[in-house]
Structures are given as structure tokens and as C-alpha cells.
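The values are calculated or read from the model by the stated rules, or taken from the named source; none is laboratory data. It should be emphasised that the depicted structure is a prediction, and the values quoted were computed from it without experimental measurement. We place every Cβ from the backbone using ideal geometry, glycine too, and count neighbours over all the protein chains shown.
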Amino acid sequence: MELIQKIELELLNKSDYQALKEAMIEAYPNLPEPAWDKKQINTLINKFPEGQIVLKVNGHIAACALSIIVDYNQFSHSHTYKKITGDYTFNTHDDEGNILYGIDVFVRPMYRGHRLGRRLYEYRKELCEKLNLEGIVFGGRMPNYHQYADEMTPKQYIEKVKTREIHDPVLDFQFSNDFHVTKLMKGYLEGDDASQEFAAMMKWNNIYYEVPTKNINVSKTIVRLGLIQWQMRSYSGVKELMEQAEYFVDALSAYKSDFALFPEFFNAPLMSAYNKLTEAEAIRKLAEFTQPLIQEFSKLSISYNINIITGSMPELVDGVLYNAGYLCKRNGTVERFEKIHVTPDEERIWGMKGGNQIRTFDTDCGKIGILICYDVEFPELSRLMALEGMSILFVPFLTDTQHGFSRVRYTAQARAIENECYVAIAGSIGNIPKVHNMDMHYAESMVFSPCDFSFPASGIVSSATPNTEMVLISDVDIDMLKELHNYGTVKNLKDRRTDLYKLKKMR
């Protein structure tokens, strides 16, 4: 074989036809009609020039990939090669379609073993992303199946190829390039005796695909998080407390933050006026401020164009005391969340009850989850949220000692790794001696990520100075999570053994 001096990827040109024909005849010696005629090649180039590419080695065609765009919804899932190509006229090509359909890929025998096919597929994937198509589909031949047809079904054959018990040059290549089988088809390609006319319908999903929409409010891919490490201090009333809250919201808005996260029970200093009451009575007096505070936060979210997670506050609903918070969106809508697992002290001292809502929230920055403090120590909650598509988990917390903080901090980081998401935690610092049961606070607000090559090796995106009043601002890239889900060193969500265990909500 000649020494490879130069490899070039080029769009197929009409003047390349004779060289292309010779290359196809070499690549498909066992097919009755291995070469496309000149008219067909010219039609492909005229209809979709970007979809027809060749790899040239030292100026000679070594490999080729041909494709069209189709509206896949117009074809049955059990179509034939003849039908998808419009009886080989390619009149099925549709510039407004949703799928890049592979017509042909081949490498000349003398150039095999140099991973040229992988280069062709990488180009196709990039083209698919560039054109915002759902994915790549084609019928994968099974050229070695005829050797096993008497002893196993096509389905059994495919399974043994996947487990590497059997070698198939086509299917092995597709599996190694992240394609998966969606259907087994009979009679796909007339005359393909080696495959017994069977084909595995293969698909690669474009993780960056966005459903076309006229809505200009598309989700952001780079999201800026603003975490407020709140100083517990005495306030004369709601007005003074909200002045301090607005100061932080204003500061985060000035830095174009998409979210402002307040800690759990950030409004606890207002209980100092009720210090002569029992703890249970004082917390219920604090609950009277919750709805007025939510109204003020909603106004701030609109005025400063920022989504505000209010931390949490005590709230009485039909006589039952909950630890609840609100997501005040910058579009004016407000949604509620609850603490599911109250701590032993919350239940024993205050008579607080756990909530019943496990849910995610749709925002202009994608789907998020919110868990209050102790809840993050229960992995099932965030896993349910991750299965609904959560990309960022927010955790407002309140801890009195470093031991308590460590429980929240390390379990929050575990949630980021196991659910392949970002986790942001924000807490309060300082002392308020005049409030029983909430007099000491320790916090180090942080943002966590999964641990893989695109992310910090430590899994820590950023962290605040411990026990210091401040804001922490961090940018997180949602597209990096999509990459991780599909191409990460490990894939925690995809690799779950759902044949052995399942997780589901009870209500």
C-alpha cells in the first residue's frame, strides 16, 4: 500500500465521478450493482452538496459518504431502502426535514484500517448539529449474517455482535460510533444476500437538537448563578430585612445573574420580637410574614429581571406548619416547594410536618430542582428530579455547626456526581442570641459539578469564604451536561441497572 502523505476531506464534485465509480466497485465486490450511475450522483450533489463527501488520500478517493435529509415522519418505521430513496431518484430529500439519512458509506479495501470511516461519521455528526437535525438514521447491513443464518435469528445475531461474540464489520463500526439499533427490518435492500436482506435500523441522536419554535424565549446554555451567603443580624422589621435582601438582588442583577438563591430560614431574625413565647409559638408568628415576603420577592424578580429562590420560611397551611419556599420567576409567575424531610428538631420543637411535593420546575434556563437542607441527604429525591431532566439543583440550607454543614456539603456534591447535574448550596452565617433554637450558624456556600474532563477535577466550580457575608457568582454550562450524559468517562444515569431496580414516585 502506498505511503499516506496527505488526507483531505472534500465535498464530492461532479468531476470525481469516474474515480468514485471505480472506488465503489472495489468496495462492494459482492453486490450486483455496486456503483451509483452518474445521473444519481449529480442529483445528490445538486440537491444536497453538503451531504456528499469524500476522503482523498494523496489525491485519490479513499472513502465516501452520501446522505439526504428526510422528513422521517412521512415514512413508516419499516420502510425499505428503495422507498426512502424515492426509487433511487432521491426525490425524498427535504431541506425542511428532521433526519439526516445515510445513503451510503464505504472505504476502499486498500485504505481500511486507518479509521477513515470514523472521519466521515464525525463530519456527518457535525453536519447534523449544524443543521439542527434530530439525528442520523440508516439501514445497517449485516454482511456476515449469512454465515450464521441457519443457527440463529437476526435478533440473536445482533445481540452477539453487541457482546463481541461475533464480528460484523458494519455493525461493529456503527456500535463503536454511538449508533444504536431501533428496529430489525426484513427485505430492506434487494439483492443483499450476505445480509439475507435483513438490516438493522441504526440511529444516532443529536443531543443539541432544539425543536424549531417561533418562541424567542429559548433556554440559555450558559447560566449564571448567584448565591447569597446571608448574615444573620437583628432587623427592626420586614421592611429593613427586605432592604437587605434587595441589596443582594440588585448586586446579582447588575452582574447579569439568572438566579438568586437565598438560604433556608433567612428571615429567622424576625423571631427575636417573640422570644418570650415558646419556640413553637414563635415560629408560627414568623409564619405570618411569609406571604407578604413572597409578594415582595416576586416584585423584585420582575424589577431586577432575575429568578429568585427565596430560601425557605415557615408556612401554615390549613393549620399545618411546613418548611416551604418559593421560586419567583422573572416573568412574574410564582411556584412553591416544600421540605420533604423535616429534621428531628423541626418536628419535636416546632411541630413541623414534612411536605408531599417532589417536583422539578421549568425556567427560562432549563429544568431545575430545589431541595431544602436535610432533603439533599436523601438521594432518592434528586434522582427522581434528574430522571425528569433537571440540570441544576438548588439547596438552601441552615446549619449551626461544621458537622451539620459537612453533611449537607458532601451529600450535595454526591448528588452532582450521581445525577450528572450542577448543585448550588447557600447558607446563613453569624449569631442571633435572641432567637431560641436558631442562635448559631455556619456556612460555606458552594457550586458543585460532576467530575469529568470538562469539569473541575475536584467537582467544585466555586466556593464562598467560610462564615463571611458575601455573594458567590458562578457560570455553569448546560451543554457540557449533555456531552457528559452521552460521552462521559462514566455515565451514571445511563448505566443504571433498571433490570434490577426501579425508583418511582408514590403520589
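Take the conditions assigned to a helix (DSSP H, G or I) and either under 30 Å from Lys276 (Cα atoms) or not assigned by TED's automatic domain parsing to the domain that holds Glu338 (or both) and apply them to Tyr374. Does it pass? Steps first, answer last, please.
On the way: assigned to a helix (DSSP H, G or I): yes; either under 30 Å from Lys276 (Cα atoms) or not assigned by TED's automatic domain parsing to the domain that holds Glu338 (or both): yes.
The answer is yes for Tyr374.
Kindly establish whether Ser406 is surrounded by fewer than 24 Cβ atoms within 10 Å (Cβ to Cβ) and either under 16 Å from Ser463 (Cβ atoms) or hydroxyl-bearing (Ser, Thr, Tyr) (or both). Reasoning before the result, please.
Working: surrounded by fewer than 24 Cβ atoms within 10 Å (Cβ to Cβ): yes; either under 16 Å from Ser463 (Cβ atoms) or hydroxyl-bearing (Ser, Thr, Tyr) (or both): yes.
Here the answer is yes, as Ser406 does meet what is asked.
Name the single residue, out of those in the range 182-193 being surrounded by fewer than 19 Cβ atoms within 10 Å (Cβ to Cβ) and either β-branched (Val, Ile, Thr) or under 19 Å from Met152 (Cα atoms) (or both), that is modelled with the lowest pLDDT. Talk me through it step by step, then tell me what you get.
Taking the range 182-193 as the starting set, the residues that turn out to be surrounded by fewer than 19 Cβ atoms within 10 Å (Cβ to Cβ) are 182-184, 186-187, 189-191, 193.
Add one more test, that the residue is either β-branched (Val, Ile, Thr) or under 19 Å from Met152 (Cα atoms) (or both), and what stays is 182-184, 186-187, 193.
Working: Thr182: 92, Lys183: 91, Leu184: 92, Lys186: 90, Gly187: 91, Asp193: 87.
Result: Asp193.
Does Asn267 satisfy the criteria of being under 30 Å from the mean Cα position of the chain (by Cα) and closer than 21 Å to Ser445 by Cα? Give the derivation first.
Values: under 30 Å from the mean Cα position of the chain (by Cα): no; closer than 21 Å to Ser445 by Cα: yes.
Considered against the rule, which asks whether it is under 30 Å from the mean Cα position of the chain (by Cα) and closer than 21 Å to Ser445 by Cα, Asn267 comes out as no.
This table checks each residue for (1) in a loop (DSSP other than H, G, I, E, B); (2) in contact with a His (Cβ under 9 Å, 6 or more places away or on another chain); (3) not assigned by TED's automatic domain parsing to the domain that holds Asp258.
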{"residue": "Ile425", "(1), (2), (3)": "no, no, no"}
{"residue": "Pro433", "(1), (2), (3)": "yes, no, no"}
{"residue": "His436", "(1), (2), (3)": "yes, no, no"}
{"residue": "Ala443", "(1), (2), (3)": "yes, no, no"}
{"residue": "Ser462", "(1), (2), (3)": "no, no, no"}
{"residue": "Asn467", "(1), (2), (3)": "yes, yes, no"}
{"residue": "Ile473", "(1), (2), (3)": "no, no, no"}
{"residue": "Arg497", "(1), (2), (3)": "yes, no, yes"}
{"residue": "Lys502", "(1), (2), (3)": "yes, no, yes"}
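Here is a list: Thr363, Thr411, Thr399. Which entry is part of a loop (DSSP other than H, G, I, E, B), in the same structural domain as Leu227 (by TED's automatic domain parsing) and hydroxyl-bearing (Ser, Thr, Tyr)? Reasoning before the result, please.
Values: Thr363 fails: part of a loop (DSSP other than H, G, I, E, B); Thr411 fails: part of a loop (DSSP other than H, G, I, E, B).
Among Thr363, Thr411, Thr399, only Thr399 is part of a loop (DSSP other than H, G, I, E, B), in the same structural domain as Leu227 (by TED's automatic domain parsing) and hydroxyl-bearing (Ser, Thr, Tyr).
Among Glu281, Glu335, which is the only one that is under 20 Å from Phe262 (Cβ atoms) and acidic (Asp, Glu)? It would help to see each step written out before you state the result.
Numbers: Glu281 fails: under 20 Å from Phe262 (Cβ atoms).
Of Glu281, Glu335, the one residue that is under 20 Å from Phe262 (Cβ atoms) and acidic (Asp, Glu) is Glu335.
Scan the range 343-371 for residues that are free of Cβ contacts under 8 Å to residues at least 12 places away in the same chain and either crowded, with 18+ Cβ neighbours inside 10 Å or over 21 Å from Thr399 (Cβ atoms) (or both) and jot them down.
Within the range 343-371, the first condition is being free of Cβ contacts under 8 Å to residues at least 12 places away in the same chain, and the residues that meet it are 344, 347-348, 362.
Listed by number, the list holds a single entry, Asp362.
How many residues does the range 447-456 hold that are outside any loop (DSSP other than H, G, I, E, B) and free of Cβ contacts under 8 Å to residues at least 40 places away in the same chain? Lay out the reasoning, then the answer.
First, the residues of the range 447-456 that are outside any loop (DSSP other than H, G, I, E, B): 447-448.
This time we only want the ones that are free of Cβ contacts under 8 Å to residues at least 40 places away in the same chain, so: 448.
Number satisfying all stated conditions: 1.
Kindly list the number of the only condition in (1) without any contact (Cβ under 8 Å) to a residue 60 or more places away in the chain; (2) farther than 30 Å from His436 by Cα that fails for Leu387.
Leu387 satisfies every listed condition except (1).
Given the conditions (1) part of a loop (DSSP other than H, G, I, E, B); (2) touching a helix residue (DSSP H, G or I) at 6+ places or on another chain (Cβ under 9 Å), report the number of the one that Asn356 does not fulfil.
(2)
Select from the range 124-165 the residues that are outside any loop (DSSP other than H, G, I, E, B), within 28 Å of the chain's Cα centre (by Cα) and over 19 Å from Lys183 (Cβ atoms) and list them in ascending order.
Arg124, Lys125, Glu126, Leu127, Cys128, Glu129, Lys130
Scan the range 178-193 for residues that are part of a loop (DSSP other than H, G, I, E, B) and within 24 Å of Pro29 (Cβ to Cβ) and report the count. Write out each step before concluding.
Quick first cut of the range 178-193, residues part of a loop (DSSP other than H, G, I, E, B) only: 178-179, 187-192.
Narrowing the set further to residues that are within 24 Å of Pro29 (Cβ to Cβ) leaves 187-192.
Result for the range 178-193: 6.
Checking Phe259 against (1) modelled with pLDDT of 95 or more; (2) under 16 Å from Glu315 (Cβ atoms), which single condition isn't satisfied?
The single condition Phe259 does not satisfy is (2).
Only one residue in Asn58, Asn13, Asn46, Asn42 is over 15 Å from Pro109 (Cβ atoms), without any contact (Cβ under 8 Å) to a residue 24 or more places away in the chain and polar (S, T, N, Q), so which one is that?
Working: Asn58 fails: without any contact (Cβ under 8 Å) to a residue 24 or more places away in the chain; Asn13 fails: without any contact (Cβ under 8 Å) to a residue 24 or more places away in the chain; Asn42 fails: without any contact (Cβ under 8 Å) to a residue 24 or more places away in the chain.
When all the criteria are applied, what remains is Asn46.
Residue check: is Val471 in contact with a strand residue (DSSP E or B) (Cβ under 7 Å, 6 or more places away or on another chain) and among the β-branched types (Val, Ile, Thr)?
Numbers: in contact with a strand residue (DSSP E or B) (Cβ under 7 Å, 6 or more places away or on another chain): yes; among the β-branched types (Val, Ile, Thr): yes.
So Val471 passes the test.
Between a first residue in the range 142-153 that is touching a residue at least 40 places away in the same chain (Cβ under 8 Å) and a second residue that is β-branched (Val, Ile, Thr) and outside any loop (DSSP other than H, G, I, E, B), which pairs have beta carbons less than 7 Å apart while being 6 or more apart in sequence or on different chains?
These pairs meet every condition: Met142/Val170; Pro143/Val170.
Looking only at the range 205-229, which residues are touching a helix residue (DSSP H, G or I) at 6+ places or on another chain (Cβ under 8 Å) and either in a helix (DSSP H, G or I) or modelled with pLDDT of 95 or more (or both)?
Of everything in the range 205-229, those that are touching a helix residue (DSSP H, G or I) at 6+ places or on another chain (Cβ under 8 Å) and either in a helix (DSSP H, G or I) or modelled with pLDDT of 95 or more (or both) turn out to be Val223, Gly226, Ile228.
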